[in-house]
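In what follows, a structure is listed as C-alpha cells, so that the remarks can point back to it.
Please treat every number below as a calculation from the coordinates, not as lab data. Model, not experiment: these values are computed from the prediction. Cβ atoms come from the backbone with ideal geometry, glycine included; neighbour counts cover every protein chain shown.
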Amino acid sequence: MHQESSPCAPSTSRPSGARLSYKFQRLREQIREAIVRGEFGEQLPGERELGRRFRANAKTINKALCDLAGEGLLVRIIGRGTFVAETPGVSAAARTSQVYHGICPAMQNEPPHRGAIISALRDALAAMGHRLDLIPHEGDGDGEISSAAWPAHMRRLAAGLIAHPAAPLDGRGPRPGDALVAEAWRRHLPIVLLGAAASNAKVNAVMPDYISAGFRLAEHLFLLGCGRMVVLRDRAEGREADMVTSGCQTAAIRHRGSVTEVFLERQTDWVGGLMGDGLSAAADKSRVSPAVGIVCVGSRALEAAQHDRTINELVARDSLAVACVLEPGDDAAQRAGVTSMEFDAGKIAGWAARLLAEWKPGQRPVEVLVPGEIKVRGRCATHRNGNGHGKGRHGDAESLEGLGGRQKLAEAVI
C-alpha cells in the first residue's frame, strides 16, 4: 500500500516567471487571489456559481480547483464541497471524513455473525474518521446486485462501496453486477466484496483463505487415519466452496488419499451418497481410526451432518471424523463441538476498511486472503491407539503448531 507522507505547505502565490498559457491557469490564479483576499471565507461556492462569477465552463473550473487542491491550498470533499486548507472553522477530521455505502441483503443483520462483521467494519472506518451507511438490498438471495440498488441521489456522496453476500460458502448471496461495477468505476470509486471472492476483475475482495482452510482441515483428518475425504456442500455453485475443495484435494495428493464431493441439493439420500463404499468401512468396529473424514462447507452442510442419526452413530464410535469451514464469526462449530477452521472477523473488516480508505483512482483491484486458525474439538482431536497418542496413516500426527506453517501465509500486499 502507499506510504503516508506529510502534506506540503499550501502555496498562496504562483512561481515568478510562470507563463499562464491556458485559460484554466489564468482562472486558477484568479481563484487563488480571491482566496488570499478572503473573499470566499472557509468554503468556496459551488462550481456553477464559480462558473458564473468567472465566466468559465465547469470543466475549466474543475481543472483549476484540482490544481489548487494538488498544491494543498484547497481540500475537496465528495458530497460536501471545497474548503480552504487550514481553515480554523474546519477541522482536519471534517476535511478528510468520507462516507462509504454498504449494500447488504435485507436479512443481513439477522444472523449474529453477519451483523458482527458489519459492525466491525463500521468501527474500523469510524476509527479512521469515516462513516458507513447501509443500503438494504431487497432482491432475491441469488443473482446480481443491479445498479438500481444504489440510489442515484446517494451516489455523489459516496467514497466507495461495500458488498457482503449473505452466505458465500453455501453458494448463495448476490454479487455486484456489471452495471453497478461500471457505475462505481465511472465515478472512480472502489468496490470491496466482504468475506467472499471477487466476482469481477474490477472488484476488490477481502476474504478468508479458504484454500488453506481446506488443506489444513483435510490434512488434519488424514493424519488421524482417515483414508477417504468427503467434502459436503450445499450447492455446486460457489467459488468459495470450490476453494475449500481444492485445498482438500491438495492434501489428498500429499497423503495419497481420495476426495469426493457431495451436494445436498442433488442428493435425496445424501448420507448414502456421502459415504458410498466407505460406509461399511466406517462401520467396522475393529478399526482404531476413522475410515472417512467429512469436511462440511458452510452452515447448511454442518447442520445436515449434525442432525443425521447415522452420522452421529459413526462419530460416536470413532469411525467417522467431522470438521467444518464456516463464515467468519459463525460459532456453530463451537456450539456443536466440531473441529473447524475459524477466521477473525475483525481482521477481515480491518482489511476492508484499509482498502477503502487508502484507495487511489486508477489503482488495480486486489484480493486479500486472511489466514485462519484450526480449533480442534471433541473426537476429532486425536484417535486413541495403544500408546494413547494420535497416529496418522504415515506416522505420528503432527502438532497443530507444525501444521500452522500454512497459517503464516502472508496476507496479500496491497
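Just a few scattered comments:
- Averaged over residues, the count of other Cβ atoms within 10 Å places the peptides 179-189, 41-51 in the sequence 179-189, 41-51, highest first.
- Antiparallel %, DSSP beta bridges [both residues in region 97-208], to 5: 5 percent
- Sequence of Arg131, Arg216, Arg309, Arg228 once ranked by neighbouring C-beta atoms within 10 Å, starting from the fewest: Arg309, Arg131, Arg228, Arg216
- Estimated FRET transfer efficiency when R0 is 22 angstrom, pair Asn57-Arg131 (beta carbons, to 0.05): 0.10
- Applying 1/(1 + (r/R0)^6) with R0 = 41 Å to the Cβ-Cβ distance of Tyr22 and Ser146 gives a FRET efficiency near 0.50.
- Dipole magnitude of region 97-208, debye to nearest 20 (Cβ charges: Lys/Arg +1, Asp/Glu -1, about Cα centre): 440 debye
- Computed about the Cα centre, the dipole magnitude for region 23-94 is approximately 440 debye when only Lys and Arg (+1) and Asp and Glu (-1) carry charge, each at its Cβ.
- As computed over region 97-208, the Cα convex hull volume per residue (Å³): 96 Å³
- Exceedance of the 23 Å cut-off in Cα-Cα distance is limited, within the set Lys63/Lys360; Lys202/Lys360; Lys59/Lys202; Lys347/Lys375, to Lys59/Lys202.
- Added length on full extension, which subtracts the Cα-Cα distance from 0.36 nm per residue, Arg48 to Asp331: 96.5 nm
- FRET efficiency estimate (nearest 0.05) - Cβ-Cβ, Arg309 to Arg364, R0 30 angstrom: 0.05
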